[in-house]
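The next block holds one structure in the form of structure tokens; read it before the comments.
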Amino acid sequence: MLGRRIDFLECFILELDRPNKPLFAAEKFIEGHYEKHSSNNGFVEESHYRLTPHAFSHFTYMVTNGQRIIVDLQGVGDLFTDPQACLPSHTLSSPPPSAAPPPSLSLLFFILGSGDPR
């Protein structure tokens, strides 16, 4: 039996034809009720907790033998946007380039309630 299908919005980089040629990241508007499920610093939304986003994070951790995890999942239904890929080396003292990291992957899984699966 297959689980639920998820998908991610494509994003685009726009370069404006102006002095200094500013860059902007953009993606299509998602129609519907937007929900943030997790962050890359350990946040897990409990008022509308769903298994699918967290199962996907867990899957990414398992399929990479603990070398990666996709977190910061948000979107409408199972259409997600703006995920964050974290490495085991991303700690509070060595964050990923774009955002604050989880304190550790093990702590993130503890927060998600699944424990470190390895």
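Mind counting the residues in the stretch 19-44 that are more than 14 Å from VAL76 (Cα to Cα) and over 13 Å from the mean Cα position of the chain (by Cα)? The total comes to 8.
Would a scan of the stretch 18-29 turn up a residue that is within 25 Å of LEU87 (Cβ to Cβ) and either modelled with pLDDT under 85 or small (Gly, Ala, Ser) (or both)? Yes, the stretch 18-29 has at least one match. Hey, can you tell me all the residues within the stretch 14-50 that are surrounded by 12 or more Cβ atoms within 10 Å (Cβ to Cβ) and among the basic types (Lys, Arg)? Across the stretch 14-50, the qualifying residues are LYS36, ARG50.
Of (1) without any contact (Cβ under 8 Å) to a residue 60 or more places away in the chain; (2) among the hydrophobic types (A, V, I, L, M, F, W, C); (3) farther than 13 Å from PRO83 by Cβ, ILE69 satisfies all except one. Which? Of (1) without any contact (Cβ under 8 Å) to a residue 60 or more places away in the chain; (2) among the hydrophobic types (A, V, I, L, M, F, W, C); (3) farther than 13 Å from PRO83 by Cβ, only one is false for ILE69: (3). Within the stretch 2-44, can you find the residues that are outside any strand (DSSP E or B) and either on the phi > 0 side of the Ramachandran plot or of a type in the set (S, T, N, Q) (or both)? ASN20, LYS21, GLY32, SER39, ASN40, ASN41, GLY42, listed by residue number.
Kindly establish whether LEU16 is out of contact with any strand residue (DSSP E or B) (no Cβ under 9 Å at 6 or more places or on another chain) and over 11 Å from GLN74 (Cα atoms). No; evaluated as a whole, the condition is false for this residue. Residue count for the stretch 30-58 satisfying the condition of being among the charged types (D, E, K, R), at pLDDT 85 or above and under 20 Å from ALA85 (Cα atoms): 2. Of the residues making up the stretch 57-89, those that are surrounded by fewer than 20 Cβ atoms within 10 Å (Cβ to Cβ) and hydrophobic (A, V, I, L, M, F, W, C) are PHE59, MET62, VAL63, VAL76, LEU79, ALA85, LEU87.
The values are calculated or read from the model by the stated rules, or taken from the named source; none is laboratory data. Remember, it's a predicted structure, so these values are computed and weren't measured experimentally. Heads up, the Cβs are rebuilt from the backbone with ideal geometry, glycines too, and the neighbour counts pull from every protein chain shown.
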